[in-house]
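First up is the structure itself, then whatever we jot down about it.
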Amino acid sequence: MRPWAMPPTFASPLTGSAACLSAVLLLPPRLRLRSSRWMPRWPCRPIMPAPSPELLTEAPGGPPVGAALDAVRRLRTWDVPPPVFWPRCLEAFARLAGADAAWLHLPPHQTARFGWPASAPESPLAPGLLREALVQGWSEQRSGPRGALLALRLDQQEPEDPAVILLHKGEAPEDWAADLAPLFGLLADTPAVQQAFHARRPAAGAPPSGDAGPAVLGGALEVLAVLNQHGRFLAVAMALVNELCARFQASRVSLGWVREPHIRLAAMSHTDRFEVNLDHSKALEAAMEECLDADQEVAWPPPAGQEGGGAVCRQHEALARRKGLTAVLSLPLRVEDSVRAVLTLERSEGASFSAQDILFLQLVLSQSARRLTELQRHDRWIGARLFQEAEEWLKKLRGPEYTLAKAAAATVLLGSLFLFLYPWPYKVSGTFVLKTSDTVFVPAPFDGYLGEVRLREGDEVRQGEVILRLDQRELRIQEAEAVADSERFRNEARTALSQNRLAEMRSAASQAEQAEAKLQIARMKLAQAEIRAPYDGIVVESDLHERIGKPVQKGETLFRLAKLEGAYAEVHVEQEDIEAVRADASGRLAFASRPEDRFAFTVERIHPAAEVRDDKNVFVVKVRLADAAPPWWRPGMTGVAKIEAGRRPLAWIWSRRALDHIRLKYLWW
């Protein structure tokens with residue numbers, strides 16, 4: 001019994017596989033592609049032999065169509081590259097159609113790549129026939145009296161790259177193409193199925209027979225049961241190589257683990273210690289690396305039926321000749337399409353490894369790969385695990401995968417470095433009020449009545465310009481009375497002097513002086529009744545238009561004038577930011593009424609005591625404006641000012657308030 005054999009009682013569960021495949025071939029193409037998702041997949045990759053020339057010939061005693069259909073069925077699970085597959089596919093379809101000649105046109109330009117038979121002339125495919133076949137699936141064109149051309153579209157794994165087969169028959173009945181179109185419609189996905197099968201990279205060899213399948217599965221389960229008895233990586237690896245060595249009568253079985261860019265021996269049968277620097281170990285690792293480079297099973301000598309068509313096995317042959325071996329076989333251990341390890345079997349006597357041996361090993365490795373990988377990752381001290389995690393992370397970082405994620409991570413990293421390291425100008429913000437140092441209050445010079453008010457609040461004035469007049473009518477009367485009294489008393493004084501009445505003369509002269517004094521007072525008040533601007537400025541306070549004709553008292557404020565020259569601003573800085581403000585610091589401010597304009601300033605003085613403004617403690621910072629005052633400035637205007645306070649990282653600028661709040665509220669004890 002073979003090392004993987006099982007009792008015959010287990011053979012019945014897999015006897016219907018050939019019937020299932022035949023049923024799938026008869027489904028429509030779309031339904032067949034969907035149904036393949038529902039069918040269970042083999043846990044390993046079966047191996048198909050290279051078809052011999054007899055593969056496409058008629059079966060003895062059977063109909064030609066049956067032999068051709070069987071050939072197409074085998075093509076669907078034939079593991080060969082496209083240059084080998086396409087000529088056989090063309091021949092199979094030509095024989096199935098009974099064509100005299102056939103040509104295969106492949107994308108991207110749908111040029112003829114293969115012809116059948118070898119003596120076939122150049123392809124006569126017309127562009128119109130090609131377009132119709134690509135759209136409808138098939139197209140016919142009559143050639144000659146009874147000849148016909150039939151173009152058929154074949155689907156590949158890439159839907160946008162279909163191939164076209166052109167069939168020619170010299171003696172074709174009228175319904176030749178119509179009869180073949182439904183059959184070829186069922187088989188149009190043969191290249192797509194074969195390419196999907198080949199993408200899984202099965203090894204070369206023959207598939208197991210219906211009776212061997214349960215035996216392979218049972219033997220693999222026995223090996224897995226032995227492996228499950230252990231919980232450490234080295235113990236599981238040693239159990240694997242020892243069990244396989246016994247089952248396959250191998251002289252040595254070794255397991256090498258991939259450690260980029262090489263493979264290092266991890267376990268060797270019947271020995272727990274080995275020297276990795278020995279020549280035999282190096283030759284063994286070279287053979288494993290040959291299997292890793294080929295990314296498929298490598299056997300020397302190749303299994304029957306696959307001579308000359310397998311992977312390169314020079315290192316395996318060199319190892320065998322060096323150690324006098326009769327057979328060497330290496331198989332990759334994959335996890336998620338990534339080779340993690342290579343298993344190598346050496347046999348010093350006996351036959352070479354068969355395709356069924358390879359299938360058994362594939363099944364064992366496919367079922368034990370993930371557990372071995374997890375144990376290898378975690379069954380080490382923490383430093384080695386961290387180093388491997390970092391190594392794998394760097395490998396993914398250097399590789400072509402996850403481009404979008406790596407671009408996003410690089411963007412986040414660069415953004416973080418920019419936020420935390422790049423010094424950005426830091427500015428302290430605060431509100432300001434425009435003020436002026438030269439302000440004068442214009443009072444009423446005497447008791448009187450408002451006569452004329454020429455200006456309102458906000459109006460500009462020039463020095464000496466009349467801004468207000470008091471009522472002068474009473475003053476004019478007093479002036480006239482004083483002039484009349486002065487003249488009358490002077491006349492009385494002269495008359496008394498001429499009559500030598502000295503006492504009367506002195507009395508009249510005294511009254512004349514009093515009248516003269518009243519005249520001077522009246523004239524002074526008349527001069528003061530016209531109130532003029534003491535300097536160029538602007539009226540900042542006045543509400544007299546509604547009081548015209550009403551009395552005013554002496555000393556009552558009538559106007560408040562401000563000089564725009566020498567205007568300054570008082571910036572209110574919150575106590576959390578005042579520490580960053582320094583004397584002579586520069587900054588810029590913008591008025592709420594005209595935010596598009598900026599005006600430079602320099603810090604002149606910081607008031608030592610805080611003030612309460614809008615329920616906040618603020619410090620008043622007096623700043624000196626660098627630019628001349630424009631005409632639209634008015635004392636009392638407000639806006640926002642920003643004082644330069646050095647350079648800080650953006651992360652600190654954005655988070656400092658929150659961090660200070662957390663420190664003050666939650667980290668204080």
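The values are calculated or read from the model by the stated rules, or taken from the named source; none is laboratory data. Please read all numbers here as calculations on a predicted model, not as lab measurements. Backbone-built Cβ (ideal geometry, glycine too); neighbour counts: all protein chains shown.
Please go through segment 87-101 and give me each residue that is part of a helix (DSSP H, G or I) and buried (at least 20 other Cβ atoms within 10 Å of the Cβ), ordered by number.
Once the filter is applied, which keeps residues that are part of a helix (DSSP H, G or I) and buried (at least 20 other Cβ atoms within 10 Å of the Cβ), segment 87-101 yields R88, C89, L90, E91, A92, F93, A94, R95, L96, A97.
For segment 233-289, which residues satisfy the criterion of being in a strand (DSSP E or B) and surrounded by 14 or more Cβ atoms within 10 Å (Cβ to Cβ)? Break it down into steps so the answer makes sense when it comes.
Looking only at segment 233-289, we keep the residues that are in a strand (DSSP E or B), and these are 252-259, 262-268, 271.
Once the filter is applied, which keeps residues that are in a strand (DSSP E or B) and surrounded by 14 or more Cβ atoms within 10 Å (Cβ to Cβ), segment 233-289 yields R252, V253, S254, L255, G256, W257, V258, I263, L265, A266, A267, M268.
Would you say D161 is touching a residue at least 24 places away in the same chain (Cβ under 8 Å), under 21 Å from V193 (Cα atoms) and either charged (D, E, K, R) or touching a Leu at 6+ places or on another chain (Cβ under 8 Å) (or both)?
Here the answer is yes, as D161 does meet what is asked.
For V164, indicate whether it is closer than 22 Å to P83 by Cα and of a type outside the set (K, R).
yes
Look at Q306 and say whether it is part of a loop (DSSP other than H, G, I, E, B), closer than 19 Å to R340 by Cα and at pLDDT below 90.
No: the conditions fail for Q306.
Applying the selection to segment 177-213, what residues are modelled with pLDDT of 80 or more and among the charged types (D, E, K, R)?
Selection gives D179, D189.
What pairs can you find where one residue is in segment 366-377 and without any contact (Cβ under 8 Å) to a residue 60 or more places away in the chain, the other is in a helix (DSSP H, G or I) and among the aromatic types (F, W, Y), and their Cβ atoms are less than 9 Å apart, with a gap of 6+ or different chains?
E374/F233; R377/F233
In a helix (DSSP H, G or I), surrounded by fewer than 17 Cβ atoms within 10 Å (Cβ to Cβ) and at pLDDT 85 or above - does that describe any residue in segment 216-223?
Yes, because at least one residue in segment 216-223 is in a helix (DSSP H, G or I), surrounded by fewer than 17 Cβ atoms within 10 Å (Cβ to Cβ) and at pLDDT 85 or above.
If the Cβ limit is 9 Å and pairs must be 6+ apart or interchain, which residue in segment 186-200 that is within 15 Å of D295 (Cα to Cα) pairs with which residue that is assigned to a helix (DSSP H, G or I)?
These pairs meet every condition: H198/P82; H198/F85.
Of the conditions (1) in contact with a Lys or Arg (Cβ under 7 Å, 6 or more places away or on another chain); (2) surrounded by 20 or more Cβ atoms within 10 Å (Cβ to Cβ); (3) not polar (S, T, N, Q), V335 fails just one. Which one is it?
(2)
Test L470 against the criterion of being of a type in the set (A, V, I, L, M), within 28 Å of A562 (Cβ to Cβ) and buried (at least 17 other Cβ atoms within 10 Å of the Cβ), and give yes or no.
On the way: of a type in the set (A, V, I, L, M): yes; within 28 Å of A562 (Cβ to Cβ): yes; buried (at least 17 other Cβ atoms within 10 Å of the Cβ): yes.
It is true that L470 is of a type in the set (A, V, I, L, M), within 28 Å of A562 (Cβ to Cβ) and buried (at least 17 other Cβ atoms within 10 Å of the Cβ).
Sort through A609, A569, A580 and tell me the only one that's in contact (Cβ under 8 Å) with a residue 40 or more places away in the chain, more than 20 Å from T436 (Cα to Cα) and not basic (K, R). Walk me through how you get there before you give the answer.
Working: A609 fails: in contact (Cβ under 8 Å) with a residue 40 or more places away in the chain; A569 fails: more than 20 Å from T436 (Cα to Cα).
Just a single option satisfies the conditions, and that option is A580.
Please name all residue pairs, on different chains or six or more residues apart, with Cβ atoms under 8 Å, provided the first residue is in segment 70-81 and is over 15 Å from Q156 (Cα atoms) and not assigned by TED's automatic domain parsing to the domain that holds F184 and the second residue is of a type in the set (A, V, I, L, M) and surrounded by 18 or more Cβ atoms within 10 Å (Cβ to Cβ).
Listed pairs, sorted by first residue: none to list.
Are there any pairs, at least 6 apart or on different chains, whose C-beta atoms fall under 9 Å, with the first in segment 490-504 and without any contact (Cβ under 8 Å) to a residue 24 or more places away in the chain and the second hydroxyl-bearing (S, T, Y), and if so, which?
Hits for this filter: E492/S507; A493/S507; A493/S510; A496/S507; R501/T495; E504/T495.
Among the candidates L468, L475, L455, single out the residue that is assigned to a strand (DSSP E or B) and under 28 Å from V552 (Cβ atoms).
L468
Hey, any hits in segment 269-289 for a residue that's under 24 Å from A246 (Cβ atoms) and touching a Pro at 6+ places or on another chain (Cβ under 8 Å)?
Checked against the condition, which is being under 24 Å from A246 (Cβ atoms) and touching a Pro at 6+ places or on another chain (Cβ under 8 Å), segment 269-289 yields no hits at all.
Which residues, counting only those in segment 548-587, are crowded, with 16+ Cβ neighbours inside 10 Å, part of a strand (DSSP E or B) and modelled with pLDDT of 90 or more?
A569, E570, V571, H572, V573, E574, G587
When the residues of segment 51-81 are narrowed to those that are assigned to a helix (DSSP H, G or I) and more than 23 Å from L150 (Cα to Cα), which ends up modelled with the highest pLDDT?
Among those residues, the one meeting the criterion is R74.
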